[in-house]
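Participant: Let me begin by handing over the structure; questions about it come next.
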Amino acid sequence: MRHVLDAHGFDLVAEASDAQTSFPLIDAMKPAVVLLDLRLPGMDGVTAARELNVRTPATRTMILSAYSSQHDVDEAWAAGVHGYVTKVHDSDTLTSGIRAVAAGERYLAPGLAPSRARNRGDGPLGALSARERDVFRLLVRGLTTRLIAAERAISSKTVDTHRERILKKLGLHSAVELVRYAAANDILDV
């Protein structure tokens, strides 16, 4: 991998064998793109990508894995991964993907696509229902539970339920993480 990246003009700034080891390196180095495998010891690549979207929103995440099942692609895409390439793709596909992701685009290697049925559309909010996307939008705008409930004519408990489901589906734990996630994925004004 190091040889491929070097041959295509990329700087490999750090390597780690697991996600927990990588986090301090990423915090310190602030790379443009992080390549993650899906199957990492201790924490899977999708969970690591969610964590990175919150920790370092400017760093973009890309899956490079031997796994390409529809479920794997759907999970990664719904988690807000910026790119996905398999290890069977050639080095030109990988480097094209890295360049696209570094330029702010989302990239799926040829032959990969998120499932429309599962994601209900492309993007990091694809796993959310229409009502959850609506509540997400209002939460990101800073509305309180009470204001959202009044604006949508639903109970505060229903808003809380939607918030909890949104956080769970996106792998987040707080309203602050939710706003950071929105900023990292350029969806503050959805």
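The values are calculated or read from the model by the stated rules, or taken from the named source; none is laboratory data. Predicted, not measured: the structure shown is a model, and the values here were computed from it. Using ideal geometry, Cβ is built from the backbone for each residue, glycine included, and neighbour counts are taken over all protein chains shown. Calculation scope for accessible area: heavy atoms of the full protein, side chains included, ligands and nucleic acids excluded. Shrake-Rupley method; radii C 1.70, N 1.55, O 1.52, S 1.80 Å.
Participant: If I ask for residues that are open to solvent by less than 50 Å² (accessible area, probe 1.4 Å) and of a type in the set (A, V, I, L, M), which ones from segment 148-188 would you list?
Facilitator: 148, 149, 154, 159, 166, 167, 170, 172, 178, 182, 184, 187 - these are the residues of segment 148-188 that are open to solvent by less than 50 Å² (accessible area, probe 1.4 Å) and of a type in the set (A, V, I, L, M).
Participant: Report, by residue number, each residue of segment 29-44 that is in a loop (DSSP other than H, G, I, E, B) and either free of Cβ contacts under 8 Å to residues at least 60 places away in the same chain or not small (Gly, Ala, Ser) (or both).
Facilitator: Passing the criteria: 30, 31, 37, 38, 39, 40, 41, 42, 43, 44.
Participant: So residue 132 fits all but one of (1) at pLDDT 90 or above; (2) open to solvent by less than 30 Å² (accessible area, probe 1.4 Å); what number is the exception?
Facilitator: That leaves (1) as the condition not met.
Participant: Moving to a separate point now. Only one of these is more than 30 Å from residue 2 (Cβ to Cβ), in contact with a helix residue (DSSP H, G or I) (Cβ under 8 Å, 6 or more places away or on another chain) and at pLDDT 90 or above: 162, 173. Name it.
Facilitator: On inspection, the qualifying residue turns out to be 162.
Participant: How many residues does segment 45-59 hold that are hydrophobic (A, V, I, L, M, F, W, C) and either within 19 Å of residue 104 (Cβ to Cβ) or in a loop (DSSP other than H, G, I, E, B) (or both)?
Facilitator: So the count comes out to 4.
Participant: Could you tell me how many of the residues in segment 6-28 are open to solvent by less than 50 Å² (accessible area, probe 1.4 Å), of a type in the set (A, V, I, L, M) and part of a helix (DSSP H, G or I)?
Facilitator: Qualifying residue count for the region: 2.
Participant: Further, regarding this structure: Of the residues 99, 50, 60, which single one is of a type in the set (D, E, K, R) and modelled with pLDDT under 90?
Facilitator: 50 is the lone residue from the list that is of a type in the set (D, E, K, R) and modelled with pLDDT under 90.
Participant: Further, regarding this structure: Condition first: of a type outside the set (D, E, K, R) and free of Cβ contacts under 8 Å to residues at least 24 places away in the same chain. Now tell me which residues in segment 157-190 satisfy that.
Facilitator: Selection gives 158, 161, 167, 173, 174, 176.
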